[in-house]
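To start, I am sharing the structure in question, which I have written as structure tokens.
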Amino acid sequence: MNSQVVPRQITIAVLLALSTAAETVSAQAAPIVEQKKKVEEIVVLGNPLGATDARDVASPVSSLSGDELLMKRGNTLGETLNGLPGVSASWFGPNAGRPVIRGLDGDRVRVLTNLGSSFDASSLSFDHNPAIDPLIIERVEVLRGPAALLYGGTAIGGVVNVIDNRIPAAPMVGPRGSFEVRGGGADRERSAATLLEAGNGVFAIHADGFTRSTQDYRVPSSARVRSPVVNSSADASGGALGASLQFSSGKGSIGLSHSNYQSNYGTVAEADVRIDMKQTRTAAELTLRDLGGSLVDGAFIKAGKSDYKHVEFDGADAGTTFKNLGHDLRAEIKHARFGPLQGVLGFQSEQFEFSALGEEAFIPKSKTRSRGLFLYEEVSRGPIKYAFGVRAEHSQVNAEGATRGVPARFGGADLRRFSLKSGSVGATYRLSPHANLSANIALNERAPTYYELFADGPHVATAAYEVGDRNIGKERATSVDIGVKWRDPASQGATNASVGLFMQSFSRFLVLRRTGIDRDMEGNRVVTDCGDGTSVESGCAAGILPEYRYQGTWARLSGIEFQGNWRAMENAGWVWDIKTKLDYVRATDRTNREPLPRIAPLRFGIGSVLASGGLRLAVDIERAAKQSRVAPTELGGAVAGYTLISASVMYNLAIGAGKSATFFLRGANLADQRAFNAASIDTIRYLAPLPGRSIKAGLRVDF
């Protein structure tokens, strides 16, 4: 399969879709209100049939939207989602953070944009941020637990899907839009975002743009950490144009979008190193639904192309340049119902070319290609709904090796191929009209990434000399999820609770482990006093790094997740809710009988929300316990616990028919407590604490 196959597939898909549109577009729009409501209710992740209730999905799914998203928007996707059940975040200062799901991060957590691949460099290194800004997000869904069946081996730990409506999903008539500004916080943020959409019931257009600027962020000062944290400022901007064409009678749509994102931010690990990042993305999407055919009832095709680049500057000098050029295609065909059986047959193809050229390049140029075929089916029998599926996937990684201008240590070119299999069986049982029990078991495989196979060089961001293993095998995991959800009918669901237990056992879990060897920047083995957990920052000779190698081990991750809401009062126009949440992950390297690194501790939260009309007052307290189960190689040992107190005020004011203005004020870490993120890489953990006391204010206008 050459580099032109996927682009041709995209072209063919778009031409077929345009042909279909020409035959089916009607001048009469579909019912606008009903269509919009339907789109907003659909649970995208974990169920390609489009469940309208998260309780009907066997795997646990959480979502963030509306006022809750407005209050939780952070600088990064990880910061925004941190605190959802089972979701923590990596932390390389305020400018780089990916979601961590149940203790799994990097390429075990799939980050998607409208179900399309997000090709960047964020999974390679903790100082690389995803090329997604929370300012333009309309909704986020998080599937906790393996989703390799539907989204490939890199979703062995979970999926995050960002929904931005850049390809309008439903018909609309007339214009609508929003404008948001915010400022303040520990980093003295100044940001603005705007969105404009318009349509005539058949054709819809979308435009958005944003800008964000922050300064070095403030932390509680100590003898070890100075405030503000040096080189933690950032600037980001971006925008998109999109359009869609609706088919007659609401039976589908076709659309295109083009977006760009750019960011320049400090890495906090080094006072003069900044990352200048740019990405452009083009996507095409075709949806057909309710076709009523004897074999096919609907279809979904999405194709995309992404061009990513970032340069790491040391002062004014350009250092290592990272590039990632990727294409992806996803196609799903929903077959007609056969008795109680309904399901989807899907195909997924991805390829990307990654390179890192410069003084600190630690991986050779490589090409990764994968193709997968999956089948997902559901059967309802009385109060029980069964869901099951299988996936076959082929993946290959081709490394170019050493060439002219590329370090000789990369060796010769190499090609690794992997055949991957995944399967799952789940069920949801309606205990009553207001409660259900769900269970899911999955067997999944993940191919090692290009860096797990071919890394060989200094990785300054992690203060390590990283070495891959060209002969390492694929990752295998068995996962079990059991959960109960309940809603109180007397409060119309306002009082509710859910609890889940999970276990994920790996027969081969790929970890980066200290070998006891030290190397210089060229890879030569040296004899120094640097080792056994020390690093350059803690006194090792300059330019000498401890060697870490990717190795396979037996591992197990298990835990519990709980969230609940109690409607304590509803009287005279006032509503008072008490919210609680708890999550815990225990992660163990079973081969060496030691904890796995970078695991968030037991977290417990309680909050109070008092609302009347457009006024909303909230107070939240989150307690993170001391994390004593740290890997032997993690610097600094156990991570102290902390308690964060936040409070917010929100007021929504109607300013006309369909128009409103929302004012908000939020205070975070009001006790100004010093806190460190146990899920962050240990070489940066104590250099970049969590932000100190701060106040942020903003305004959002919807029209």
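The values are calculated or read from the model by the stated rules, or taken from the named source; none is laboratory data. Given the structure is predicted, the values throughout are model-derived calculations rather than measurements. With ideal geometry, Cβ positions are generated from the backbone for all residues, glycine too; neighbour counts draw on all protein chains shown. For the accessible areas, the whole protein counts, side chains as well, though only heavy atoms, and no ligand, DNA or RNA atoms are used. Shrake-Rupley method; radii C 1.70, N 1.55, O 1.52, S 1.80 Å.
Among the residues of the stretch 338-355, which ones are in contact (Cβ under 8 Å) with a residue 24 or more places away in the chain, over 20 Å from V397 (Cα atoms), of a type in the set (A, V, I, L, M, F, W, C) and open to solvent by 20 Å² or more (accessible area, probe 1.4 Å)?
Filtering the stretch 338-355 down to residues in contact (Cβ under 8 Å) with a residue 24 or more places away in the chain leaves 340-355.
Of the ones still in play, those that are also over 20 Å from V397 (Cα atoms) are 340-346.
Keeping just the survivors that are of a type in the set (A, V, I, L, M, F, W, C) gives 341, 344-345.
Within the stretch 338-355, L341, L345 meet the criteria.
Kindly list, by first and then second residue, each pair from a residue in the stretch 611-637 that is without any contact (Cβ under 8 Å) to a residue 12 or more places away in the chain and under 23 Å from G573 (Cα atoms) to a residue that is among the β-branched types (V, I, T) and open to solvent by 60 Å² or more (accessible area, probe 1.4 Å), limited to pairs with Cβ atoms under 9 Å and residues at least 6 apart or on different chains.
Going by the 9 Å Cβ cut-off, there are no qualifying pairs.
Still on this structure, I have one more. Among the residues of the stretch 301-315, which ones are part of a strand (DSSP E or B) and touching a residue at least 40 places away in the same chain (Cβ under 8 Å)? Give the derivation first.
Filtering the stretch 301-315 for residues part of a strand (DSSP E or B) gives 301-314.
I301, K302, A303, G304, K305, S306, Y308, H310, E312, F313, D314 - these are the residues of the stretch 301-315 that are part of a strand (DSSP E or B) and touching a residue at least 40 places away in the same chain (Cβ under 8 Å).
For the stretch 688-703, how many residues meet the condition of being open to solvent by less than 50 Å² (accessible area, probe 1.4 Å), touching a Gly at 6+ places or on another chain (Cβ under 8 Å) and either among the aliphatic types (A, V, I, L, M) or at positive phi (or both)?
Within the stretch 688-703, residues that are open to solvent by less than 50 Å² (accessible area, probe 1.4 Å), touching a Gly at 6+ places or on another chain (Cβ under 8 Å) and either among the aliphatic types (A, V, I, L, M) or at positive phi (or both) number 2.
Let me ask something additional. Taking the stretch 390-430 as the search range and keeping residues that are without any contact (Cβ under 8 Å) to a residue 24 or more places away in the chain and in a strand (DSSP E or B), which one is most open to solvent (accessible area, probe 1.4 Å)?
Ranking the candidates gives R417 first.
Which one is nearest to R700 (Cα to Cα) among residues in the stretch 72-107 that are open to solvent by less than 20 Å² (accessible area, probe 1.4 Å) and part of a helix (DSSP H, G or I)?
Among residues in the stretch 72-107 that are open to solvent by less than 20 Å² (accessible area, probe 1.4 Å) and part of a helix (DSSP H, G or I), the one nearest to R700 (Cα to Cα) is T80.
Okay, next question. Inside the stretch 189-238, can you point out the residues that are of a type outside the set (G, A, S), open to solvent by less than 40 Å² (accessible area, probe 1.4 Å) and in a strand (DSSP E or B)? Steps first, please.
First, the residues of the stretch 189-238 that are of a type outside the set (G, A, S): 189-190, 194-197, 200, 202-203, 205-206, 208, 210-212, 214-220, 224-226, 228-231, 235.
Keeping just the survivors that are open to solvent by less than 40 Å² (accessible area, probe 1.4 Å) gives 189, 195, 197, 202, 206, 208, 210, 212, 214, 217, 219-220, 225, 229, 231.
E189, L195, E197, H206, D208, F210, R212, T214, listed by residue number.
Now, a different point. Which ones in the stretch 232-252 are modelled with pLDDT of 95 or more and either of a type in the set (S, T, N, Q) or over 28 Å from S191 (Cβ atoms) (or both)?
Restricting attention to the stretch 232-252, the residues satisfying the condition of being modelled with pLDDT of 95 or more are 232-245.
Across the stretch 232-252, the qualifying residues are S232, S233, S237, S244, L245.
Mind checking which residues of the stretch 281-332 are crowded, with 21+ Cβ neighbours inside 10 Å and within 15 Å of F247 (Cβ to Cβ)?
E285, L286, T287, L288, G298, I301, listed by residue number.
Have a look at A170, A131, A186 and point out the one that is more than 29 Å from A461 (Cβ to Cβ) and either in contact with a strand residue (DSSP E or B) (Cβ under 9 Å, 6 or more places away or on another chain) or in a loop (DSSP other than H, G, I, E, B) (or both). Walk me through it before giving the result.
Numbers: A131 fails: more than 29 Å from A461 (Cβ to Cβ); A186 fails: more than 29 Å from A461 (Cβ to Cβ).
After ruling out the rest, the residue left standing is A170.
Just name the residue that is surrounded by the fewest Cβ atoms within 10 Å (Cβ to Cβ) out of those in the stretch 511-535 that are modelled with pLDDT under 85 and within 31 Å of the chain's Cα centre (by Cα).
Within the stretch 511-535, the subset modelled with pLDDT under 85 is 521-523, 527-535.
This time we only want the ones that are within 31 Å of the chain's Cα centre (by Cα), so: 533, 535.
Details: G533: 15, S535: 18.
Among those that are modelled with pLDDT under 85 and within 31 Å of the chain's Cα centre (by Cα), it is G533.
Pull out all pairs, ordered by first then second residue, where Cβ-Cβ is under 7 Å, the residues are six or more apart or on different chains, the first lies in the stretch 237-262 and is of a type in the set (D, E, K, R), and the second is in a strand (DSSP E or B) and open to solvent by 20 Å² or more (accessible area, probe 1.4 Å).
Hits for this filter: K251/L288.
Which of the residues belonging to the stretch 600-638 are of a type in the set (A, V, I, L, M), surrounded by 17 or more Cβ atoms within 10 Å (Cβ to Cβ) and in contact with a Lys or Arg (Cβ under 7 Å, 6 or more places away or on another chain)?
V609, A624
Give the residues of the stretch 461-508 that are part of a loop (DSSP other than H, G, I, E, B), touching a Lys or Arg at 6+ places or on another chain (Cβ under 8 Å) and open to solvent by 60 Å² or more (accessible area, probe 1.4 Å), sorted by residue number.
The answer is R470, and nothing else.
Using the structure shown, decide if F664 is buried (at least 17 other Cβ atoms within 10 Å of the Cβ), touching a residue at least 24 places away in the same chain (Cβ under 8 Å) and not in a strand (DSSP E or B).
Details: buried (at least 17 other Cβ atoms within 10 Å of the Cβ): yes; touching a residue at least 24 places away in the same chain (Cβ under 8 Å): yes; not in a strand (DSSP E or B): no.
So F664 fails the test.
List pairs: first in the stretch 66-94 and over 18 Å from S694 (Cα atoms), second in a helix (DSSP H, G or I), Cβ under 7 Å, 6+ apart or cross-chain?
Matching pairs, first to second residue: L77/P134; V87/L81; A89/G78; A89/E79; A89/L81; S90/G78; F92/I684.
Let me ask another. Can you go through I136, I167, I163 and tell me which one is over 30 Å from D216 (Cβ atoms), over 14 Å from the mean Cα position of the chain (by Cα) and in contact (Cβ under 8 Å) with a residue 60 or more places away in the chain? Write out each step before concluding.
Values: I136 fails: over 30 Å from D216 (Cβ atoms); I163 fails: over 14 Å from the mean Cα position of the chain (by Cα).
Testing whether each residue is over 30 Å from D216 (Cβ atoms), over 14 Å from the mean Cα position of the chain (by Cα) and in contact (Cβ under 8 Å) with a residue 60 or more places away in the chain leaves just I167.
While we're here: I'd like to verify a number: residues in the stretch 366-384 that are open to solvent by less than 20 Å² (accessible area, probe 1.4 Å) and outside any strand (DSSP E or B), how many?
0
Every residue in the stretch 239-280 that is in contact with a Lys or Arg (Cβ under 7 Å, 6 or more places away or on another chain), open to solvent by 30 Å² or more (accessible area, probe 1.4 Å) and either among the basic types (K, R) or over 25 Å from T321 (Cα atoms) (or both), please.
If the condition is that a residue be in contact with a Lys or Arg (Cβ under 7 Å, 6 or more places away or on another chain), open to solvent by 30 Å² or more (accessible area, probe 1.4 Å) and either among the basic types (K, R) or over 25 Å from T321 (Cα atoms) (or both), then K251, K278 are the ones that fit.
I'd like the full set of residues that are of a type in the set (S, T, N, Q) and in contact (Cβ under 8 Å) with a residue 60 or more places away in the chain, limited to the stretch 463-518.
To start, the set of residues in the stretch 463-518 that are of a type in the set (S, T, N, Q) comprises 471, 478-479, 491-492, 495-496, 498, 504-505, 507, 515.
Of everything in the stretch 463-518, those that are of a type in the set (S, T, N, Q) and in contact (Cβ under 8 Å) with a residue 60 or more places away in the chain turn out to be S479, S491, T495, N496, S498, Q504.
From the list E594, E561, E570, exactly one residue is of a type in the set (D, E), under 27 Å from A675 (Cα atoms) and open to solvent by 20 Å² or more (accessible area, probe 1.4 Å). Which is it? First the steps, then the outcome.
On the way: E561 fails: open to solvent by 20 Å² or more (accessible area, probe 1.4 Å); E570 fails: under 27 Å from A675 (Cα atoms).
The match here is E594.
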